[in-house]
Every structure is written in structure tokens, then in C-alpha cells.
1. Among Phe74, Val63, Leu47, which residue has its Cα furthest toward the positive end of the charge dipole of segment 41-82, with +1 on Lys/Arg Cβ and -1 on Asp/Glu Cβ?
2. Can you run phi through the Karplus equation (6.51, -1.76, 1.60; θ = phi - 60°) for segment 55-68 and list ³J(HN,Hα) in whole Hz, with x for Gly and Pro?
3. Between Cys27 and Thr55, what length comes free when the chain is fully extended (0.36 nm per residue of separation minus the Cα-Cα distance, one decimal in nm)?
4. Which lysines does Lys34 reach when only Cα atoms under 24 Å apart count, and residues fewer than 8 places away in its own chain are ignored?
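Values in this text are rule-based calculations from the coordinates and carry no lab data. All figures in this text were calculated on a predicted structure; none of them were measured in a lab. A quick note on method: Cβ atoms are made from the backbone with ideal geometry, for glycine too, and the neighbour counts reach across all protein chains shown.
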Amino acid sequence: MSMSGQPSDSLEFCSMDYWDYFVELECLQNCKGKDLQLAAELGKTLLERNKELETGLKQQQTVIDDQSQEIEVFGPAVVDLN
């Protein structure tokens, strides 16, 4: 299309329309690619942190279980001493 709104036979103008669209499309794809990469990195980091927290939780649960067993074993002895 020409500036007056009429179709233009100029190949240069048509190629510029195509180029503008192509550049915009490429930018959108690159942005999506970066967002996807950031999301993947974030997901990986969150998964690693979740595993660390699960390990810590299991260790704390082991300590709690051990202490509960000690209370069951030594609790009556403490009462007897009082």
C-alpha cells in the first residue's frame, strides 16, 4: 500500500512490510524463548530447593522420632526419681 492507502506495486515497500512483520515475529519468538528458559531455570532451582527442604524435614523427623523414643524409655525413670 502506498501512503495514500492505495496498493503499491513497489517490491521494496512490500519487502519492508514483510521485514517489519518478520522482525516483530522474531522478537516475539526470542522473548518467548527467553521466558521459557527463565521458567525452566526457575523450575530447576525450585525443584533443587524442594529436595533440600525434604531432606532437612526427614532429618528433623528422625530427630523427633529418636527423642520420642528416649522420652518413652527414660520418662518413667525420671518420674521414679522425683
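1. Among Phe74, Val63, Leu47, the one farthest towards the positive end of the dipole of segment 41-82 is Leu47.
2. Values per residue, Gly and Pro as x: 5, x, 5, 5, 5, 5, 5, 4, 4, 4, 4, 4, 5, 5 Hz.
3. Computed gain between Cys27 and Thr55 is 5.9 nm.
4. In chain and number order, the partners are Lys44.
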